[in-house]
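The values are calculated or read from the model by the stated rules, or taken from the named source; none is laboratory data. Note that the structure is predicted; figures quoted are calculated from it, not measured. Cβ coordinates were reconstructed from backbone atoms using ideal geometry, including for glycine residues, and neighbour counts include every protein chain displayed.
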């Protein structure tokens, strides 16, 4: 990951120029730089996002396959039960 440069001296000068005490401005700039650096460590890169996308695509493909199989199984049971009911009705009609 590429680190983003943070110029603490420039920030401290800008804060001092805006009326902040120089020591306070330096402390704020240093603290902000540390927080930014810590936060930057947890940011995802484009490569991280591409890898995540490919993993999710694979998982969704697997789910689609499972759903298709489940629908086929349900259709088989439905057709089978309808044929059985039809045969039962025909048998009952013949008995009467």
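Okay, residues lined up against (1) modelled with pLDDT of 95 or more; (2) part of a helix (DSSP H, G or I):
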residue	(1), (2)
37	no, yes
44	no, no
51	yes, yes
69	yes, yes
78	yes, yes
82	yes, yes
91	no, yes
94	no, yes
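Go through segment 6-20 residue by residue and tally those that are at pLDDT 90 or above, assigned to a loop (DSSP other than H, G, I, E, B) and surrounded by 11 or more Cβ atoms within 10 Å (Cβ to Cβ). Looking only at that region, the number is 1.
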